[in-house]
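The structure appears below as structure tokens.
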Amino acid sequence: MRARVLIRPKTGILDPQGQAVERALPALGFEGVANVHVGRLVELDVDDPARLPEMCERLLANPLIEDYEIQADLLPAGAAAGAS
Amino acid sequence: MKFGVVRFPGSCDDVDALLAARRVGEAELLWHADADLRGVDAVIVPGGFSYGDYLRCGAIARFAPVMVEVERFARHGGLVLGICNGFQVLCEAGLLPGALLPNVSLRFVCRQVTLEVVEGSSPWLRGIRDPLSIPCKHTTGRYWAPDPVLDELEANGQLALRYLPGHNFNGSARDIAGVTNAAGNVLGLMPHPEHAVDLLTGSADGLRLFQAAAA
């Protein structure tokens, strides 16, 4: 099964990367943008999606500083991001 | 006194740590893929970019075979020093509290910093009271832990090293440059004592940590 894990900095922890993007967008004329946060995306094929939370807790995310969101069963196995 | 310096793929300060340790005792390299500490008395997890810093700094290195032994050694009171990437690895491994986040500036910074020794009871800092002038060089060095954890560390005397005013360039919580575990045998710090062991390069203050451990 194809799964996707979205990893974000925890709310309340200073996210200078998000701030930099938030400042850059108005400089290009994109007004009305707020609360920008930059995280990571991990896509993977897994035989047993029930094990995804443990994978996140132990390796894919650092639960102290990051929140993660698992999206499973989105795509057929083997479908890679950006593949045509 | 025999020091072991871990070498991961991507370590780059392992040789400096080895040479610094050899000024006060014996030292040898420990290969990341060998679950063997070769009978050393102290372990140094050095700076660099272990496993390319992929995923998160230190996240993959903490599962290296040698780290299983380092964890066991640390939990039995063995002396462990994590420098820069080594500090990140020890935090990821849960041997030290907290985490290291990107510098507030999002830039790699290389500069000399002055550190206050807040708590000198760790064997790595025993007898050191004067401020230490040591270089820093990192992109991901902003120490962070939740406030209740920071309060607890402070109360337990685990906030070992602080940047002096004007030296906290990475935005670390409470100006923290280094912390220990509750027992004090494990110390992690972002600045590089192994790069400050000879006046030729501006300061020999870093050597004092190696001397303290060997004493």
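Read-outs throughout are calculated quantities, based only on the coordinates presented, and are distinct from any laboratory measurement. Keep in mind it's a predicted model, so treat the numbers as computed, not measured. With ideal geometry, Cβ positions are generated from the backbone for all residues, glycine too; neighbour counts draw on all protein chains shown.
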Mind listing the phi-derived Karplus ³J(HN,Hα) values for the stretch B:37-51, rounded to whole Hz, using 6.51, -1.76 and 1.60 with θ = phi - 60°, and x for any glycine or proline? 8, 6, x, 6, 8, 8, 10, 10, 9, x, x, x, 9, 3, 6
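Please compute the net charge surrounding residue B:47, taking Lys and Arg as +1 and Asp and Glu as -1 over other residues with Cβ under 9 Å from its Cβ. Intermediate results must be reported in sequence, preceding the final value.
Numbers: positive: B:137; negative: B:13, B:14, B:16, B:194.
In short, -3.
Report, in debye and to the nearest 20, how large the dipole of the stretch A:2-72 comes out about its Cα centre when Lys and Arg carry +1 and Asp and Glu carry -1 on their Cβ. All intermediate terms of the calculation are to be shown ahead of the outcome.
Values: 8 positive and 12 negative charges, 32 e Å.
The calculation lands at about 160 debye.
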If you take the charge dipole of chain A about its Cα centre, with +1 on Lys and Arg Cβ and -1 on Asp and Glu Cβ, which of A:16, A:27, A:62 is farthest toward its positive end? A:27
Mean-square fluctuation maximum in Gaussian network of chain B, Cα pairs under 10 Å, restricted to B:113, B:149, B:70, hits B:149
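Quote the Stokes-Einstein diffusion coefficient, in whole µm² s⁻¹, for the stretch B:115-215, based on the Kirkwood radius over alpha carbon pairs, a temperature of 25 °C and a viscosity of 0.890 mPa s. The partial results should precede the final answer.
Details: Rh = 13.7 Å.
Reported coefficient: 179 µm²/s.
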Based on the Cα gyration tensor of the stretch A:2-72, what are the three equivalent ellipsoid semi-axes, each the root of five times an eigenvalue, rounded to whole Å and given largest first? 29, 14, 8
Anyone know which of B:98, B:120, B:202 comes out most mobile in the 10 Å Cα GNM of chain B? B:202
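P(r) tail for the protein assembly as shown, what percent of Cα pairs lie past 35 Å? The partial results should precede the final answer.
On the way: 9771 of 44551 pairs.
Here the tail beyond 35 Å accounts for 22 percent of pairs.
Roughly how big is the protein assembly as shown's charge dipole about its Cα centre, with Cβ charges of +1 (Lys, Arg) and -1 (Asp, Glu), in debye to the nearest 20? Could you put the intermediate results ahead of the total?
On the way: 26 positive and 36 negative charges, 107 e Å.
About 520 debye.
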Roughly what angle does helix A:16-27 make with the longest principal axis of chain A, taking Cα atoms, 0 to 90 degrees, to the nearest 10? 50 degrees
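Tally Lys and Arg at +1 and Asp and Glu at -1 over the other residues with C-beta under 12 Å from the C-beta of residue B:212: what net charge comes out?
Numbers: positive: B:126, B:129, B:208; negative: B:205.
Local charge sum for residue B:212: +2.
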Principal axis dimensions, largest first and in whole angstrom, of the stretch B:90-134 by Cα: 35, 28, 12
In the P(r) worked out for chain B, what percent of Cα pairs fall beyond 22 Å? 42 percent
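So for A:70, B:83, B:134, fewest C-beta neighbours within 10 Å to most, what's the order?
Working: A:70 16, B:83 33, B:134 26.
Fewest-to-most Cβ neighbours within 10 Å comes out as A:70, B:134, B:83.
Which value, in debye to the nearest 20, gives the size of the charge dipole of the stretch B:145-194 about its Cα centre, when Lys and Arg are +1 and Asp and Glu are -1 at the Cβ? Don't skip to the end; give the middle numbers.
Working: 2 positive and 6 negative charges, 26 e Å.
Once rounded to the nearest 20, the dipole reads 120 debye.
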Please list, by residue number, everything in the stretch B:117-151 whose backbone N is under 12 Å from a paramagnetic label point 7 Å out along Cα→Cβ of residue B:164. B:117, B:130-134
